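One structure is given below, encoded as structure tokens.
The values are calculated or read from the model by the stated rules, or taken from the named source; none is laboratory data. Quick caveat: nothing in here was measured; it's all calculated off a predicted structure. Quick reminder, even Gly has a Cβ in these numbers, built from the backbone with ideal geometry, and neighbours come from all protein chains shown.
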Amino acid sequence: MDDEKLLDLFTDAVRMHSAYVKRNLKRMHLQIGQGAVIMTLGDYGEMPQNQIARLRKVSAATISVMIRRMEKSGLVVRKNDESDAKVHIIALTSQGREAYQMLKEDSSRRPDIIFGGLTDEEKKEAEHLFRTICSNLEENKITEEENKIAEEEKKAAEEENKIAEEEKKATKEEKKAVDEENKTMEEDTVEEEDKAAM
């Protein structure tokens with residue numbers, strides 16, 4: 001099998017797994033990402049919001065938005081840390097714990113659904129292949145992150161240049177307004193002097 005067909009199969013597998021997860025989350029009235037947060041809190045207990053972000057490997061801003069939505073849905077509660085009022089501790093509500101149990105049940109069924117029919121030897125081979133694929137993608141991810149940082153720096157520089165141009169333009173317009181005002185004052189002065197001479 002050539003690489004292109006192999007990539008197509010891999011893409012199909014990823015897409016079908018994603019559809020399976022989305023379908024089950026929808027059945028539980030959960031959005032993408034919320035299930036992972038619930039599983040993290042259910043497995044490890046309540047924790048600071050920034051720790052959830054580290055464990056889930058997402059930005060603090062992403063977790064903050066997600067936690068707010070989950071609060072509105074009654075899945076989690078946010079409370080201040082007794083030792084540091086700036087730190088938010090996130091915990092599951094009773095509704096969140098029910099969702100956790102449903103997710104655990106689904107998680108226990110998933111391996112049989114996905115890997116059904118594979119022998120132990122084939123599973124070991126699959127593990128080796130998946131680890132290699134993840135390693136390859138991780139290396140590419142570093143390059144993408146570097147590119148993203150470069151793009152953000154470029155965008156920031158462009159914004160700075162734009163601000164500088166706007167300030168320069170504003171200075172020119174201000175100077176022009178002052179010149180026009182001085183010109184008007186001079187014309188008024190000349191007109192008044194002519195009237196006085198008459």
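Looking at Ala126, is it among the aliphatic types (A, V, I, L, M), at pLDDT 70 or above and surrounded by 10 or more Cβ atoms within 10 Å (Cβ to Cβ)? Criteria met by Ala126.
Every condition in (1) surrounded by 12 or more Cβ atoms within 10 Å (Cβ to Cβ); (2) in contact with a helix residue (DSSP H, G or I) (Cβ under 9 Å, 6 or more places away or on another chain) holds for Pro48 except the one numbered (2). The residues of the range 83-93 that are part of a strand (DSSP E or B) and either closer than 15 Å to Gly45 by Cβ or not charged (D, E, K, R) (or both), listed by number, are Ala85, Val87, His88, Ile89, Ile90, Ala91, Leu92.
The residues listed here are Val14, Val37, Val21; of these, the one that is free of Cβ contacts under 8 Å to residues at least 24 places away in the same chain and surrounded by 11 or more Cβ atoms within 10 Å (Cβ to Cβ) is Val21. Taking every residue in the range 101-113 that is closer than 17 Å to Thr40 by Cβ and pairing it with any residue that is surrounded by 11 or more Cβ atoms within 10 Å (Cβ to Cβ), at least 6 positions away or on another chain, the pairs with Cβ-Cβ distances below 7 Å are Met102/Met28; Leu103/Gly35; Leu103/Ile38; Leu103/Met39; Asp106/Asn24.
With respect to the conditions (1) surrounded by 11 or more Cβ atoms within 10 Å (Cβ to Cβ); (2) in a helix (DSSP H, G or I); (3) at pLDDT below 85, Asn80 falls short on a single one, namely (2).
Going residue by residue through the range 97-109, is there one that turns out to be assigned to a strand (DSSP E or B), at pLDDT below 90 and either of a type in the set (Lys, Arg) or exposed (fewer than 13 other Cβ atoms within 10 Å of the Cβ) (or both)? No, the conditions are met nowhere in the range 97-109.
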